[in-house]
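J.: Take a look at this one; I'll ask things after.
All of the numbers you see were taken from the coordinates with simple rules; none came from a lab. Quick caveat: nothing in here was measured; it's all calculated off a predicted structure. As a convention, Cβ positions derive from the backbone with ideal geometry for all residues, glycine included, and neighbour counts pool all protein chains shown.
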Amino acid sequence: MVETNGIYKCSKCGNVISIVEAHQPLILCCGQPMNQLKELSPELEGKEKHVPIVTIEGDKVTVNVGSIDHPMEEDHYIEFIQLLRSDKLIAEKRLHPGDKPRAVFHVENASDLRAREFCNLHGLWSSE
């Protein structure tokens, strides 16, 4: 079943989509169902490269990908950073090669937040 705010990838062509509203039982690409990406966690790698690090200062929320900045090269980079509250997407920033692997959001009541990011080579990573 397709999930709202789920991230899906085609295993054939590599298309990646983020679901705003889920109504269909599955999403097809290249004639086959797309795979929902599972969020990877700090336990798998530590916080050095892929885990979003969330810092809150009042209503300013900064998300940096990794305690050491993730590479942002043409063939290896972070495509987006998302901020979620109770599994509801509340903000997103798209990134491109050459950008800094970080996003700054201004959020009222900046509590109970988590972040996730998508690396074009290593998948979807969560701050939790």
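J.: Rank the residues Asp99, Asp75 as a footprinting-exposure proxy: fewest other Cβ atoms within 10 Å of their Cβ go first. Show your work: numbers first, answer last.
T.: Values: Asp99 13, Asp75 8.
Starting with the residue having the fewest Cβ neighbours, the order is Asp75, Asp99.
J.: What ranking of Met72, Met1, Met34 emerges when the number of other C-beta atoms within 10 Å of each C-beta is taken as an exposure proxy, fewest first? Mind dumping the intermediate values first?
T.: On the way: Met72 16, Met1 8, Met34 22.
Fewest-to-most Cβ neighbours within 10 Å comes out as Met1, Met72, Met34.
J.: Continuing with this model, one more query. Inverting the mean 1/r over all pairs of different Cα atoms, compute the Kirkwood radius of the range 35-89 and quote it in Å.
T.: On the way: mean 1/r = 0.0782 Å⁻¹.
Across the range 35-89, the inverse of the average 1/r is 12.8 Å.
J.: In whole percent, what relative contact order does the range 51-107 give with Cα contacts below 8 Å and a gap of six or more residues? Each step should come with its number before you reach the end.
T.: Details: 95 pairs, mean separation 21.1, N = 57.
This gives 37 percent for the range 51-107.
J.: Turning to a different aspect of this structure: Work out Dmax and Rg for the chain from the C-alpha atoms and quote the Rg first, both in angstrom.
T.: That works out to 14.7, 47 Å for Rg and Dmax.
J.: Which ³J(HN,Hα) values, rounded to whole Hz and listed in residue order, are derived for the range 77-90 from phi using the Karplus coefficients 6.51, -1.76 and 1.60 in 6.51 cos²θ - 1.76 cosθ + 1.60 with θ = phi - 60°, glycine and proline given as x?
T.: 7, 8, 8, 7, 10, 10, 10, 10, 10, 6, 6, 9, 5, 10
J.: Another one. What FRET efficiency, computed as 1/(1 + (r/R0)^6) with R0 = 25 Å and r the Cβ-Cβ distance, is obtained for His23 and His76, rounded to the nearest 0.05? Write down the numbers at each step before the final one.
T.: Numbers: r = 34 Å, r/R0 = 1.37.
That pair, His23 with His76, gives E of 0.15.
J.: Which Cα, out of Val107, Ile27, Gly58, lies furthest along the positive dipole direction of the chain (beta carbon charges, K/R +1, D/E -1)?
T.: Working it through, the farthest residue towards the positive pole turns out to be Ile27.
J.: Also, quick follow-up: Taking the alpha-carbon centroid of each part, what is the distance from the range 95-128 to the range 48-82 in angstrom?
T.: 5
J.: So for the range 1-57, Kirkwood radius off the Cα pairs, Stokes-Einstein at 25 °C and 0.890 mPa s: how many µm² s⁻¹?
T.: 186
J.: Something else about it: Hey, which aspartates and glutamates would be in cross-link range of Lys49, C-alpha to C-alpha under 13 Å, not counting anything within fewer than 8 residues on its own chain?
T.: Of all the aspartates and glutamates, those that pass the test against Lys49 - Cα under 13 Å, at least 8 places apart if same chain - are Asp69, Glu117.
J.: What lysines could a cross-link reach from Lys88, if we take a straight Cα to Cα line under 21 Å and drop same-chain neighbours fewer than 8 places away?
T.: Candidates past the 8-residue exclusion: Lys9, Lys38, Lys60.
J.: Order by neighbour count: Ser11, Ser127, fewest other Cβ atoms within 10 Å first, most last.
T.: Details: Ser11 12, Ser127 20.
So the ranking, lowest neighbour count to highest, is Ser11, Ser127.
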